Amino acid sequence: MELLFLGTGAGMPTSRRNVTSIALRFLDRGAFWLFDCGEGTQHQLLKTPLKLGKLEKVFITHLHGDHLFGLPGLLTSRAHQGVTAPLSVFGPKGLKRFLETVLEASQSRIDYEMRVIEAEENGEPDDLQVLHEDERYRVVAARLDHRIACYGYRIMERERPGRLNVEKLSSLGIPPGPVYGRLKSGQSVTLEDGRVLRPEEFVSLPVPGRVVAVMGDTRFCENAVRLAEDADVLVHEATFAGDLQQLADRYRHATTRDAAEIARRAGAKALIVTHISSRYQESDTLRLLEETREGFGNAYVAEDFWTYSIAKKQAPAP
């Protein structure tokens with residue numbers, strides 16, 4: 001699993017940072033999910049190994065243009081390339097109307113099945129909404145604190161079965177076969193000689209899945225902490241440095257210090273800050289990084305086309 005940052009700037013593109021978009025790559029099958037799709041995202045994709053035919057899902061955090069305006073073009077390009085695989089698009093209320101309006105007005109054709117799933121707005125502000133579930137992943141969303149409806153996403157990989165201690169079974173004279181499979185699936189096995197084999201004696205505990213938390217635009221809020229709890233990596237905006245805290249609060253954005261505090265309180269293992277204001281030049285990056293690390297040591301400042309790998313967790317010995 002790997003994060004690839006396609007755009008790391010805030011508000012408008014610069015020569016160094018495009019507006020927001022992040023790809024979550026699933027390296028075992030070559031697929032990816034997209035989080036936000038600012039203007040120019042499909043151009044950024046052309047500079048990477050990612051192919052639109054492998055795009056499975058898009059998650060939009062909110063309807064501000066720097067997170068959204070690249071989506072209609074990307075969707076139509078996917079159709080022009082002859083891709084027929086279905087696509088799911090998730091986001092706030094209003095996303096479906098936006099896409100229908102743009103595609104209808106431009107007479108664009110989408111020949112593949114596209115589902116648009118909007119987050120519910122009639123629940124409690126602290127509600128965690130399940131937006132997607134399958135046999136491998138579960139995605140929940142929660143409302144953040146921005147000027148318009150904006151969401152953060154928590155992507156949870158399902159736990160994997162524990163490791164079977166083949167060496168121990170072999171030492172007991174039990175050859176590979178159905179017994180191994182039954183133990184691995186959690187069943188006790190009674191052998192012909194009366195011995196009872198219990199799975200907890202031969203199979204390690206389940207291996208926890210990885211957790212990735214991706215926040216949209218927000219100032220400090222408790223839902224960001226909840227979504228990032230014990231995450232392997234938290235991606236959080238840091239539009240401003242700490243000396244502009246009042247400005248950040250006024251526009252409901254976060255500073256480097258806010259992002260660090262959220263990561264610390266959540267117990268996240270790593271923090272990546274992005275959505276950097278255009279006021280900061282390349283020479284400012286080290287200052288932003290140092291300021292973030294003052295509050296949370298394992299922190300990084302994202303750059304366009306930078307990647308961050310999230311390794312699989314290993315099963316302990318049974």
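The rows are residues; the columns are (1) closer than 18 Å to residue 152 by Cβ; (2) of a type in the set (Gly, Ala, Ser); (3) surrounded by fewer than 21 Cβ atoms within 10 Å (Cβ to Cβ).
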site: 273; (1), (2), (3): yes, no, no
site: 285; (1), (2), (3): no, no, yes
site: 290; (1), (2), (3): no, no, yes
site: 294; (1), (2), (3): no, no, yes
site: 297; (1), (2), (3): no, yes, yes
site: 302; (1), (2), (3): yes, yes, no
site: 306; (1), (2), (3): no, no, yes
site: 309; (1), (2), (3): no, yes, yes
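For the stretch 195-215, indicate whether the set of residues that are surrounded by 16 or more Cβ atoms within 10 Å (Cβ to Cβ), out of contact with any strand residue (DSSP E or B) (no Cβ under 7 Å at 6 or more places or on another chain), without any contact (Cβ under 8 Å) to a residue 40 or more places away in the chain and farther than 17 Å from residue 298 by Cα is non-empty. There is at least one residue in the stretch 195-215 that is surrounded by 16 or more Cβ atoms within 10 Å (Cβ to Cβ), out of contact with any strand residue (DSSP E or B) (no Cβ under 7 Å at 6 or more places or on another chain), without any contact (Cβ under 8 Å) to a residue 40 or more places away in the chain and farther than 17 Å from residue 298 by Cα.
Residues to consider are 55, 75, 50, 45; find the one that is buried (at least 20 other Cβ atoms within 10 Å of the Cβ), over 23 Å from residue 101 (Cβ atoms) and in contact with a strand residue (DSSP E or B) (Cβ under 9 Å, 6 or more places away or on another chain).
One residue alone meets the criteria, 45.
Checking the stretch 36-48 against the condition returns no match, with no residue being within 15 Å of residue 155 (Cβ to Cβ), modelled with pLDDT of 95 or more and of a type in the set (Lys, Arg). Take residue 186 and tell me if it is at pLDDT below 90, at positive phi and touching a helix residue (DSSP H, G or I) at 6+ places or on another chain (Cβ under 9 Å). Yes. Just checking, does the stretch 28-39 include any residue being in a helix (DSSP H, G or I), free of Cβ contacts under 8 Å to residues at least 24 places away in the same chain and surrounded by fewer than 21 Cβ atoms within 10 Å (Cβ to Cβ)? For the stretch 28-39, residues in a helix (DSSP H, G or I), free of Cβ contacts under 8 Å to residues at least 24 places away in the same chain and surrounded by fewer than 21 Cβ atoms within 10 Å (Cβ to Cβ): absent.
Take the conditions (1) closer than 21 Å to residue 225 by Cβ; (2) within 16 Å of the chain's Cα centre (by Cα); (3) polar (S, T, N, Q); residue 309 misses just one of them, which is (1).
Each row is one residue, and each column tells you yes or no for (1) more than 19 Å from residue 256 (Cα to Cα); (2) β-branched (Val, Ile, Thr).
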residue	(1), (2)
161	yes, no
170	yes, no
223	no, no
235	no, yes
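Counting only residues that are surrounded by fewer than 22 Cβ atoms within 10 Å (Cβ to Cβ), in contact with a Gly (Cβ under 8 Å, 6 or more places away or on another chain) and not in a loop (DSSP other than H, G, I, E, B), how many does the stretch 58-72 have? Counting residues in the stretch 58-72 that are surrounded by fewer than 22 Cβ atoms within 10 Å (Cβ to Cβ), in contact with a Gly (Cβ under 8 Å, 6 or more places away or on another chain) and not in a loop (DSSP other than H, G, I, E, B) gives 1. Residues that are part of a loop (DSSP other than H, G, I, E, B) and hydrophobic (A, V, I, L, M, F, W, C) within the stretch 167-204 comprise 172, 174, 191, listed in sequence order.
For residue 97, the conditions (1) in contact (Cβ under 8 Å) with a residue 24 or more places away in the chain; (2) over 18 Å from the mean Cα position of the chain (by Cα) all hold with the exception of (1). On the stretch given as the stretch 1-43, residues that are touching a Pro at 6+ places or on another chain (Cβ under 8 Å) and farther than 16 Å from residue 239 by Cβ total 2. Pairs linking a residue in the stretch 105-116 that is more than 15 Å from residue 84 (Cβ to Cβ) to a residue that is among the charged types (D, E, K, R), with Cβ atoms under 9 Å and 6 or more positions apart or on different chains, are 116/96; 116/100.
The values are calculated or read from the model by the stated rules, or taken from the named source; none is laboratory data. Keep in mind the model is a prediction, meaning the values are calculated, not measured. Every residue, glycine among them, receives a Cβ derived from its backbone with ideal geometry; neighbour counts consider all protein chains shown.
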